[in-house]
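Shown next, in C-alpha cells, is the structure this report addresses.
Read-outs throughout are calculated quantities, based only on the coordinates presented, and are distinct from any laboratory measurement. This structure is a prediction, so every number in the text was calculated from the model and none was measured. Note that we place each Cβ from the backbone using ideal geometry, even for glycine, and neighbour counts take in every protein chain shown.
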C-alpha cells in the first residue's frame with residue numbers, strides 16, 4: 001500500500017459524522033465539568049459563610065467572657 005492509498009484509507013474512516021460525534025462528546029464533557037465546578041463553588045461558599053457566622057458568634061462570646069473576668073472597658 002502506497003502512502004497515498006494509506007492517506008485515502010484514513011480519510012475515508014474520518015468522516016464528518018465521526019467528527020460531529022467527537023465534538024458533541026467533548027462539548028458534553030466540558031459542560032459536565034462546568035456543572036461540577038459550579039456545585040463545588042456553591043458548596044465552598046456555603047461553608048465559608050457558615051464559618052464566618054460561627055466566628056462572629058465566638059467573637060461575641062469571647063468578648064462577653066472577657067468582660068465578666070475583667071469588667072467592662074471604659075470607653076472615652
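Computed from Cα atoms, the angle from the helix 3-13 axis to the main principal axis of the chain rounds to 60 degrees. As a proxy for reagent exposure, ranking 19, 1 by other Cβ atoms within 10 Å from fewest up yields 1, 19. Taking the longest Cα principal axis of the chain as reference, the axis of helix 16-70 is set at about 10 degrees.
What value, in deg cm²/dmol to 500, does the helix sum -39500 (n - 2.57) over DSSP H runs of n ≥ 4 give at 222 nm once divided by the residues of the chain? -31500 deg cm²/dmol, from helical runs alone.
Rounded, prolate or oblate, given the Cα gyration tensor of segment 37-76, with a/c below 1.5 counting as rounded? Spell out each step's value before the answer.
Details: a/c = 9.16, a/b = 3.91, b/c = 2.34.
The shape class here is prolate.
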